[in-house]
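The values are calculated or read from the model by the stated rules, or taken from the named source; none is laboratory data. What you see is a predicted model, and the numbers here were worked out from it, not measured in a lab. A quick note on method: Cβ atoms are made from the backbone with ideal geometry, for glycine too, and the neighbour counts reach across all protein chains shown. Ligands, DNA and RNA are stripped out before the accessible areas are found, and what is left, the full protein with its side chains, is counted by its heavy atoms. Shrake-Rupley method; radii C 1.70, N 1.55, O 1.52, S 1.80 Å.
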Amino acid sequence: MSAPTPETVTPSDAARASLEALRTEIGKAVVGQDPAVTGLVVALLCKGHVLLEGVPGVAKTLLVRALATSLELDTKRVQFTPDLMPSDVTGSLVYDTRTAEFSFQPGPVFTNLLLADEINRTPPKTQASLLEAMEERQVTVDGTPRPLPEPFLVAATQNPVEYEGTYPLPEAQLDRFLLKLTVPLPSREDEISVLTRHAQGFDPRDLKAAGVRPVAGPAELTAAREAVAEVAVSAEIAGYVVDICRATRESPSLTLGVSPRGATALLSTARAWAWLTGRDYVTPDDVKALALPTLRHRVQLRPEAEMEGVTSDSVLNSILAHVPVPR
């Protein structure tokens, strides 16, 4: 299949080319995290949110900042701590002595890309303050709903190995995240590349100096979302997604399977991935490619399975291997 000529380039093609350029642009700041970059782009296309899990020091924060810079989006960061209050996230009414009236002071949630750093370090009350923002795209303060900017994405990070002083996210809030992406330690070659960059003067706090520049914006993102909405889904593919999710509810290793909301999420992410790879229809391989990041946080292991070393990913891989694939 030949590449489209300049005369035949559609808005969908142009948007796809812009989003594909993100990988190169973010690569100027972050080394070896292509799956996480792709997951963040998929989440933006699906208007979803992302939970990033990885040990400290694997560039989770830098990844989100580089994405925001490459997309020319406004971004804010909140460090979640045990004493953080809901109003510290959403904003609050402030008394103005000059006017003798209360005025609303917007919190950091009023941005395009909110980085919620170490979200599991704050109590459930503050975690819940994000629920309305994530689900309804608005914040209600003193009975008045206030819409959030568009696009809006929450990228929350958590440390998988440090449990002291943490408050695990409840299932209801985990289900609000479209994807859970694992950010692994880099390979030896990638880690050498990171050190070489730092030795040459790379400063992760100055992305402009690293050459990261905007390659797409809200217009391209809107065109991309419209194109994703046109990606065809056959009855067989819909049935395949449902069969995978139903199999999680019957797995002897799980106490909690994937809900219908999870099935809808898997279909959405598969459509976005199909479009990113240049197709206007979804294949079983698209569903398989996004099954783990879309479903791993929506299932719950039985304690005895966990003690035997079983993981959510291993259960899902087993299900994918056994559920019949449509022809």
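Taken per residue, the accessible surface of the stretch 107-166 reaches 40 Å², heavy atoms only and a 1.4 Å probe.
Averaged over its residues, the stretch 202-327 has an accessible area of 51 Å² per residue, based on protein heavy atoms and a 1.4 Å probe.
Qualifying GluC sites (Glu not before Pro) in the stretch 286-327, where qualification requires a DSSP coil assignment and no more than 14 other C-beta atoms within 10 Å, comprise Glu308. For the stretch 189-327, the Cα gyration tensor yields ellipsoid semi-axes of 34, 25, 12 Å (square root of five times each eigenvalue, largest first, whole Å). Residue pairs exceeding 19 angstrom between C-alpha atoms, taken from Lys47/Lys180; Lys28/Lys180; Lys180/Lys288; Lys28/Lys208; Lys60/Lys180: Lys28/Lys180. Size of the stretch 1-124 from its Cα atoms: along the principal axes, largest to smallest, the extents are 65, 39, 23 Å. Using all pairs of distinct alpha-carbon atoms, the Kirkwood hydrodynamic radius of the stretch 145-265 works out to 19.7 angstrom. A Gaussian network model of the chain, with springs between Cα atoms under 10 Å, assigns the largest mean-square fluctuation among His49, His297, His198 to His198.
A Gaussian network model of the chain, with springs between Cα atoms under 10 Å, assigns the largest mean-square fluctuation among Ser234, Ser87, Ser312 to Ser234. How large, in percent, is the carbon and sulfur part of the accessible surface of the chain at a probe radius of 1.4 Å? The computed percentage sits at 54. Residue-normalised convex hull volume from the C-alpha trace of the stretch 247-317: 77 Å³ per residue.
Based on alpha-carbon centroids, what's the gap between the stretch 270-327 and the stretch 1-74 in Å, whole number please? Taking the Cα centre of each part, the stretch 270-327 and the stretch 1-74 sit 21 Å apart. Match the structure shown to one of the listed values [x] 31, 27, 23; [y] 32, 28, 15; [z] 43, 21, 16 of semi-axes √(5λ) of the Cα gyration tensor in Å, computed from it, and give that label. Read-out taken from this structure: [x].
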